[in-house]
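The values are calculated or read from the model by the stated rules, or taken from the named source; none is laboratory data. The structure displayed is predicted, hence computed values, not measured ones. Please note: Cβ atoms are built from the backbone with ideal geometry, for glycine as well, and neighbour counts cover all protein chains shown. The protein model used for the area step is the full one, side chains on, heavy atoms only, and it has no ligands, DNA or RNA in it. Shrake-Rupley method; radii C 1.70, N 1.55, O 1.52, S 1.80 Å.
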Amino acid sequence: MNATLADALRASARDAPDRILVRDDDSVVTAAQLLDRATVLAHALTRRMPAGSIVSFTLPNWHEAAIIYLGTTLAGMIANPILPSLRDHELSFILADANSRAVFIPQVFGGHDYVAMLNRVVAGLPDPPDVVVVRGDAGSHTAFADLLGEPTTGTLPVLDPSHIQLILYTSGTTGRPKGVLHSHDSLHALITQLGRYWRIEPGDTFLVPSPVAHIGGSIYAFECPLLLGTQAVLMQRWDPDRAVALMLEHGCTHMAGATPFLDGLLAAAQRADTRLPDLKVFICGGASVPPSLIRRATQDLDKAAVSRVYGSTEVPVTTVGSLDDAERAADTDGRPGVAEVVIVDGEIRSRGPQMFRGYLHPEDSAGAFDESGYFRTGDLGRFTDDGHLVVTGRAKDIIIRNGENISPKEVEDILVTHPQIAEIAIVGVPDSRTGERACATIVAAGGGGPEVADLHEFLVAHGVAKFKVPEQVRFVDALPKNDAGKVLKHVLKADLIKES
């Protein structure tokens, strides 16, 4: 590509200044307004830190997130969206690992006091970022509104499309999240692919309930409106009945999300006695997707093509689904788009123009690519005779629950310090509602062992996000192990599936 997202923002503001790009429950933002506010913020950032700095934000799906993302981009810096469901433990790691120079937070959201949390977090960091509070009392920190009131003096940098634009942290099998780097080029290639395969036209509207801290939520909210001429309707929390109302009100044509989103949407549409006539495409991925769910959606929705897809933060939208074949859309994970996909010893490997540019720390890339430059996904799969991919399992130790990646090792390393636990192993088992659920198999340290409520209390006290808490506990006298002492998690998973 020879252009950046900053170029696209300036072109949109010039050619269609009044076109609405993003809306949430409180505001609408036009192209001209987004350029104006992002430019002011970009100047404020450049006065505080050098180009190339990492700017974090842990926000719900609010329109301010788009201003921060584009302001960071215009300033020649790297945007780092962080899930607002993360807590002290995860935030402390990410902010230190990325050496973030600023972090944008709400004062309060979902009953959680983010200002108090960041006070604790920054007190423990040797080189803490500036804290900016969006919506609410900033206390001793900087108010977002104050940054938007600063002058636009000086010049903004000229951007190179090959430079890094985005860093997202993804759970790893080591238990330590890894920073995934995307450039203007890789994201632009990704969006170009969506326009080619997902029936997206200028004027289309995405409903975006997926967190903007995920690669999916971020591209539908920040990139597609500028590169494909769409509009993003943001939902700060998932409510299927509200989603149906928004889709009908705004004529939403596209939506993407994990299994629970589609399942909830269908039930809400039935309650509202609607077949969502404007919806053209629903893309389902991020977790195990039952074929029956895709078939039900195809039957219940008026004209929408509904398909499974496969991808990762590293190689987003590796497959583009199968929008023209309902059976393949249900029974497979789709066909590759612009990415090349091969199966080597059962493992899915992929490469393509939308592939990430590496991890933040080069050592994390060791073993991530094969000798031909393919990303080793750690997922297992096969091809059908007509070239559609079927994901059959996962070689890497990751649980995907409600579309969120959970590293069992990260949780195990904390829970093994619980006084009632001698040994623990956490595995994911299929769940029709959430894709997978996390089950903790525990060898108790004498007497009775901890139940789910005890694990919840212990992990929350250690600053761990609630979505990582195991939903099921099973007690055994000993964990199954091989001769080298490695826990045989496939045995545990098979036992749990048999018992369920």
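The figures follow:
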item: Residues satisfying the stated conditions in segment 348-380, i.e. touching a residue at least 12 places away in the same chain (Cβ under 8 Å) and surrounded by fewer than 14 Cβ atoms within 10 Å (Cβ to Cβ); result: 361, 372, 373
item: Options 19, 48, 14, 37; residue that is closer than 23 Å to residue 124 by Cα, more than 23 Å from the chain's Cα centre (by Cα) and surrounded by fewer than 21 Cβ atoms within 10 Å (Cβ to Cβ); result: 48
item: Any chance residue 211 is closer than 18 Å to residue 225 by Cβ and crowded, with 23+ Cβ neighbours inside 10 Å; result: yes
item: The one condition in (1) open to solvent by less than 50 Å² (accessible area, probe 1.4 Å); (2) closer than 29 Å to residue 290 by Cβ; (3) in contact (Cβ under 8 Å) with a residue 12 or more places away in the chain; (4) outside any strand (DSSP E or B) that residue 418 fails to fulfil; result: (2)
item: Scope segment 224-249; condition open to solvent by 50 Å² or more (accessible area, probe 1.4 Å), of a type outside the set (A, V, I, L, M) and either farther than 21 Å from residue 59 by Cβ or touching a Pro at 6+ places or on another chain (Cβ under 8 Å) (or both); matching residues; result: 236, 237, 238, 241, 249
item: Of residues in segment 355-389 being of a type in the set (S, T, N, Q) and touching a strand residue (DSSP E or B) at 6+ places or on another chain (Cβ under 7 Å), the one modelled with the lowest pLDDT; result: 365
item: Per-region count, segment 441-495, residues within 31 Å of the chain's Cα centre (by Cα), among the aliphatic types (A, V, I, L, M), within 16 Å of residue 412 (Cβ to Cβ) and at pLDDT 90 or above; result: 9
item: Residue within segment 296-304 that is touching a Pro at 6+ places or on another chain (Cβ under 8 Å), part of a loop (DSSP other than H, G, I, E, B) and of a type outside the set (Lys, Arg) present; result: yes
item: Residues satisfying the stated conditions in segment 282-321, i.e. of a type in the set (S, T, N, Q) and surrounded by fewer than 24 Cβ atoms within 10 Å (Cβ to Cβ); result: 288, 292, 298, 299, 312, 313
item: Pairs, first among the β-branched types (Val, Ile, Thr) in segment 242-264, second modelled with pLDDT of 95 or more, C-beta under 6 Å, six or more apart; result: 244/268; 244/269; 244/272; 253/204; 253/205; 253/278; 253/280
item: Cβ pairs under 6 Å, 6+ apart, first in segment 27-49 and within 14 Å of residue 12 (Cα to Cα) and in contact (Cβ under 8 Å) with a residue 12 or more places away in the chain, second among the acidic types (Asp, Glu) and not in a helix (DSSP H, G or I); result: 30/18
item: Residue ID - surrounded by the most Cβ atoms within 10 Å (Cβ to Cβ), chosen from residues in segment 51-70 that are in a helix (DSSP H, G or I) and of a type in the set (Gly, Ala, Ser); result: 65
item: Considering residues of segment 92-125 that are hydroxyl-bearing (Ser, Thr, Tyr) and in a helix (DSSP H, G or I) only, the residue most open to solvent (accessible area, probe 1.4 Å); result: 92
item: Number of the condition not met by residue 181 [criteria: (1) touching a residue at least 60 places away in the same chain (Cβ under 8 Å); (2) assigned to a helix (DSSP H, G or I); (3) closer than 26 Å to residue 159 by Cα; (4) open to solvent by 20 Å² or more (accessible area, probe 1.4 Å)]; result: (2)
item: Search result, residues across segment 180-212 that are closer than 28 Å to residue 85 by Cβ and aliphatic (A, V, I, L, M); result: 180, 181, 187, 190, 191, 194, 207, 208, 212
item: Any hit, segment 366-388, residues being touching a helix residue (DSSP H, G or I) at 6+ places or on another chain (Cβ under 7 Å), more than 24 Å from residue 163 (Cα to Cα), part of a loop (DSSP other than H, G, I, E, B) and not basic (Lys, Arg); result: yes
item: Filtered residue count, segment 438-488, keeping only those that are under 29 Å from residue 87 (Cα atoms) and in contact with a helix residue (DSSP H, G or I) (Cβ under 8 Å, 6 or more places away or on another chain); result: 22
item: Where a residue in segment 196-208 is closer than 21 Å to residue 12 by Cα and its partner, wherever it lies, is open to solvent by 60 Å² or more (accessible area, probe 1.4 Å), with Cβ under 6 Å and at least six apart; result: none
item: Unique residue being within 20 Å of residue 195 (Cβ to Cβ), free of Cβ contacts under 8 Å to residues at least 60 places away in the same chain and either of a type in the set (Phe, Trp, Tyr) or open to solvent by 30 Å² or more (accessible area, probe 1.4 Å) (or both) when the list is 345, 331, 324; result: 324
item: Residue in segment 71-78 that is within 16 Å of residue 45 (Cα to Cα), touching a Leu at 6+ places or on another chain (Cβ under 9 Å) and part of a strand (DSSP E or B) present; result: yes
item: Pairs with Cβ under 9 Å, 6+ apart, first in segment 109-136 and under 16 Å from residue 463 (Cβ atoms), second of a type in the set (Asp, Glu) and surrounded by fewer than 16 Cβ atoms within 10 Å (Cβ to Cβ); result: 115/137
item: Any hit, segment 152-160, residues being surrounded by fewer than 17 Cβ atoms within 10 Å (Cβ to Cβ) and under 30 Å from residue 336 (Cα atoms); result: yes
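Residue-by-condition table, conditions (1) more than 15 Å from the chain's Cα centre (by Cα); (2) closer than 29 Å to residue 412 by Cβ; (3) polar (S, T, N, Q):
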| residue | (1), (2), (3) |
| --- | --- |
| 167 | no, yes, no |
| 180 | no, yes, no |
| 193 | yes, no, yes |
| 203 | yes, no, no |
| 220 | no, no, no |
| 226 | yes, no, no |
| 240 | yes, no, no |
